[in-house]
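This report concerns only the one structure given below.
The values are calculated or read from the model by the stated rules, or taken from the named source; none is laboratory data. The shown structure was predicted, so the numbers you read here are calculated from the model rather than taken from an experiment. All Cβ positions, glycine included, derive from the backbone under ideal geometry; neighbour counts span all protein chains shown. We work out accessible area using only protein heavy atoms, side chains counted, and drop any ligands, DNA or RNA first. Shrake-Rupley method; radii C 1.70, N 1.55, O 1.52, S 1.80 Å.
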Amino acid sequence: MLAIIISIAAALVSLGSLIVAYTSSRRAHMPVLQFMWESGQDGGEPKWWLVNVGAGPANNIVVAQALRTGLIRSLKRERWFNPVLIPSIPAGDKLALTWLGGTMGLDCALGASYTDTQRYFYTTKCGDDVSMFLVGLHLPRWPLLKLGGQKVVKTWWGVEDLSGPQWSAVTGGAVRRRWWLLPRYGVCRRLGGWADPVLSYRPS
């Protein structure tokens, strides 16, 4: 009996060690993006920036807008639009969001979805000068490639400003998620994973 208890305890310790090692590895490569306004007082032009304050590079970054956001998990009562795909941002680096213009007050919320080097999703939401970092995808899962010959997500170098009609708007009711996926992961946990809902994308 004692030998069985010792074996079970050893197995639990090994399992705990594996979990700790996996968590540490994820955190060592975790990107964290933040929206930053720069007023241009140092002689430069005023603009919005996306800054990576995390420990790893942020890849597959999509920046979008919403009329308002509750800064919460999921997409309840949120409507996101104007998705723009931007290049990867290394840890400690930043990228200018030039298409947002040089106005601090945008009268909208901002959001960014992105992945780490292992393709796990993360989300940053910003509204009324308050930011929220979330694990998982808590924005719509827009297709990054062409859909029906059309680009759903515009590329950053092809967007000069926000004049004209909105594009690729999606509401929370149009987003499908696997019923067994934990709510903390939002719509999706991993890009291209077996729970990735990209094929069910439907514009609102």
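Things to note:
- Per-residue ³J(HN,Hα) for region 174-184, Karplus 6.51 cos²θ - 1.76 cosθ + 1.60, θ = phi - 60°, Hz, x for Gly and Pro: 8, 9, 9, 9, 5, 5, 8, 6, 4, x, 5
- Gain on full extension, evaluated as 0.36 nm per residue between ALA55 and ALA91 minus their Cα-Cα distance, stands at 12.4 nm.
- In the assembled protein chains, PHE133 presents an accessible area of approximately 70 Å² (probe radius 1.4 Å).
- Folded to 0 to 90 degrees: helix 2-28 orientation relative to the chain principal axis, Cα: 20 degrees
- Most to least accessible of CYS108, CYS188 (protein chains only, probe 1.4 Å): CYS108, CYS188
- Bridgeable aspartates and glutamates around LYS94 (alpha carbons under 20 Å apart, same-chain partners fewer than 8 residues away excluded): GLU38, ASP42, GLU45, ASP116, ASP129, GLU160, ASP161.
- In terms of its C-alpha gyration tensor, region 26-182 comes out rounded, because the ratio a/c of the largest to the smallest axis stays below 1.5.
- As a length-normalised measure over Cα pairs under 8 Å and 6 or more apart, the relative contact order of the chain settles at 20 percent.
- GNM result for the chain, Cα springs below 10 Å: residue of LEU95, LEU139, LEU33 fluctuating most strongly: LEU95
- Estimated inter-spin distance, TRP167 and ILE8, nm [label 7 Å along Cα→Cβ]: 6.0 nm
- Adding -39500 (n - 2.57) for every DSSP H run of four residues or longer, then dividing by how many residues the chain holds, sets the calculated 222 nm ellipticity at -4500 deg cm²/dmol.
- Choice from GLY173, GLY56, GLY136 showing the highest fluctuation, given a GNM over the chain with Cα pairs closer than 10 Å: GLY173
- FRET efficiency for the pair GLN34 and GLU160, taken as 1/(1 + (r/R0)^6) with r the Cβ-Cβ distance and R0 = 41 Å, rounds to 0.95.
- Computed FRET value (nearest 0.05) for SER200 with ASP128, which takes r as the C-beta separation and R₀ as 45 Å: 0.90
- Probe 1.4 Å - accessible area at MET36, Å² to nearest ten: 70 Å²
- Comparing SER113, SER74, SER163 in a Gaussian network model of the chain where C-alpha atoms under 10 Å apart are linked, the largest mean-square fluctuation is found at SER163.
- Ranking by accessible area, most exposed first, for GLU38, GLU160, GLU78 with a 1.4 Å probe: GLU160, GLU38, GLU78
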